[in-house]
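Written out below as structure tokens is the structure these notes cover.
Derivation of every value follows stated rules applied to the coordinates shown; laboratory data play no part. Just so we're clear, the structure is a prediction, and the values are computed from it rather than from any experiment. As a convention, Cβ positions derive from the backbone with ideal geometry for all residues, glycine included, and neighbour counts pool all protein chains shown.
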Amino acid sequence: MKHISIGELDVSRIGLGAMSMSGYYNIGDGSDEESIRTIHRAIDLGVTHIDTAEIYGPFTNEELVGRALKGRRDQVVLATKFGLVSHASGGPRVIDSHPTNVRTAVEGSLRRLGTDHIDLCYQHRVDPNTPIEDTVGALAQLVVEGKVRYIGLSEAGSATIRRAHAVHPVAALQTEYSLWTRDPEAELLPLLRELGIGFVPYSPLGHGFLTGEIRSPDDLSDDDWRKTNPRFTGDNFQRNLRIVDEVKAVATEVGSTPAQIALAWLLAQGDDIAPIPGTKRVARVEENTAADGVELSVGQIERLNNLTPAVGERHDEGNMAVIDR
Ligand SMILES: NC(=O)c1ccc[n+]([C@@H]2O[C@H](COP(=O)([O-])OP(=O)(O)OC[C@H]3O[C@@H](n4cnc5c(N)ncnc54)[C@H](OP(=O)(O)O)[C@@H]3O)[C@@H](O)[C@H]2O)c1
């Protein structure tokens, strides 16, 4: 597996997102045992970048990742996120990046992950009520204490990134980026390159849609988060299937799978891009990790660049409203 640098942090260029091991997608599918086997298989295949968050579960995903990493902690760059649980008031799904909350969250993450340091600690969503300078100041203090090695932002806009980076170097921005979500290309990617910040695309498989495995809304359980996502609902679902068919055509030509094409296209966007596809199954982590060896021709990249655009916002109204722009 090839490695790249995000900021100054060395990671395998394909990582593993652990979120779907603790809910969100087809809840009830899979098991903790298979999830742990998936993390172990990823490490055996050379994946060194594992991504979790305090809010996943909440809390149980970090516990699961912590269990899986017992005895293997030093083999990975462990990334987690804070800021979507308010420990002072409100609890889960309340945005809070006040310095006191940052410290409480990080202490909790360290405990659940069974480690004395977080390699990459992200603010999950920008907190409109706390100046980013205060949040990053609190993180910088945790770096001094050795509890955090590098800091990151998620779904932060350009102005916030500049302000944060002026207080303490930001190693990575984690934001949605994939064949059907190209928004970061216009403004964010050039800024990150100017500042030497790495980019970690989340949902690189379009929440699973780009793999071609989801052909009907009935493939999703009723409590699946995607049932409320505009791209997976109503007419949009059927219209977006056209994109999958175009990806499949390239996959057939290359002799790979649509998931591998989606990842190979992201890798072709630059040596500062480290996607974190999510899965809770061994067979899929094997498939996704093998995208490291998939080469796309200039013509194939061009065809993928020109895919039919997605129909529907990438998040519902409530989730779009808390994205910093
Ligand atoms: N910063 C943020 O705000 C944010 C938001 C969302 C996600 N994330 C991070 O990004 C990671 C990845 O994003 P994501 O999980 O939302 O989306 P994703 O990686 O685009 O897709 C994951 C979905 O695709 C399925 N899948 C994975 N590989 C597959 C394959 N080869 N064939 C068919 N289906 C496959 C998974 O199912 P199974 O699990 O059943 O295999 C899961 O339902 C998350 O785990 C999380 O760490 C961050």
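3J(HN,Hα) along region 222-239, derived from phi through the Karplus expression 6.51 cos²θ - 1.76 cosθ + 1.60 where θ = phi - 60°, amounts to 4, 8, 6, 4, 5, 4, 10, 8, x, 6, 9, 10, x, 4, 4, 4, 4, 5 Hz, with x in place of Gly and Pro. Normalised by the number of residues in region 142-281, the average gap of Cα pairs under 8 Å and 6 or more apart makes the relative contact order 23 percent. Compactness of the chain was expressed as the Cα radius of gyration divided by 2.2 N^0.38 Å, which yields 0.93. In terms of packing, defined here as the mean over residues of other Cβ atoms within 10 angstrom, the peptides 295-307, 157-169, 272-284 line up highest first as 272-284, 157-169, 295-307.
When Lys and Arg each count +1 and Asp and Glu each count -1, what net charge do the other residues less than 15 Å away from W225, Cβ to Cβ, add up to?
Values: positive: R93, R226, K227, R231, K280, R314; negative: D29, E176, D219, D222, D223, D224, E313, D316, E317.
Taking every other residue near W225 into account, the sum is -3.
Backbone amide hydrogens, once placed in the peptide plane, bring S154 within less than 5 Å of Q123, Q174, excluding anything fewer than 5 places away on its chain. Taking amide hydrogens as placed 1.01 Å from N in the peptide plane, the amide H of V148 sits under 5 Å from those of I118, V143, each at least 5 positions away in sequence or on another chain.
Net charge near G57, counting Lys/Arg +1 and Asp/Glu -1 over other residues with Cβ under 10 Å of its Cβ? Net local charge, G57 excluded: -2. The H on the amide N of Y202, modeled in the peptide plane, is under 5 Å from the matching H of T175, E176, Y177, each at least 5 residues off or on a different chain. D by Stokes-Einstein for region 1-128, Kirkwood Rh over Cα pairs, 4 °C, 1.567 mPa s: 87 µm²/s.
Quick check: residue separation of E8 and A249 times 0.36 nm, minus the Cα distance between them. What number comes out in nm?
Numbers: separation 241, 0.36 × 241 = 86.76 nm, distance 3.73 nm.
Full extension of this stretch gives 83.0 nm more.
Bridgeable aspartates and glutamates around K147 (alpha carbons under 12 Å apart, same-chain partners fewer than 8 residues away excluded): E107, D116, D119. Residue-wise HN-Hα couplings along region 314-325, as the Karplus relation 6.51 cos²θ - 1.76 cosθ + 1.60 with θ = phi - 60° gives them from phi, are 7, 9, 6, 4, x, 6, 5, 5, 9, 8, 6, 10 Hz; Gly and Pro carry x. Kirkwood analysis of the Cα pair distances in region 154-262 returns a hydrodynamic radius of 15.7 Å. Couplings 3J(HN,Hα) for region 196-204, derived from phi with the Karplus relation 6.51 cos²θ - 1.76 cosθ + 1.60 (θ = phi - 60°), are x, 9, x, 10, 10, x, 9, 6, x Hz, where x marks Gly and Pro. Taking only the C-alpha atoms of region 19-63, Rg followed by Dmax gives 10.8, 28 Å. Remark on region 227-325: Rg and Dmax equal 15.0, 40 Å (Cα only).
The distance separating the Cα centre of region 1-39 from that of region 207-226 comes to 19 Å.
Considering only the other residues whose Cβ falls under 15 Å of the Cβ of I323, what net charge follows from Lys and Arg at +1 and Asp and Glu at -1? Don't jump to the answer; show the numbers that get you there.
Working: positive: K81, R93, R125, R314, R325; negative: D127, E155, E176, D183, E187, E313, D316, E317, D324.
With Lys, Arg at +1 and Asp, Glu at -1, the net is -4.
Pairs of Cα atoms nearer than 8 Å and 6+ residues apart set the relative contact order; for the chain it is 22 percent.
For region 61-143, what mean projected area does the convex hull of the alpha carbons give, in nm²? Could you put the intermediate results ahead of the total?
Working: hull surface 20.5 nm².
Approximately 5.1 nm², given one-decimal rounding.
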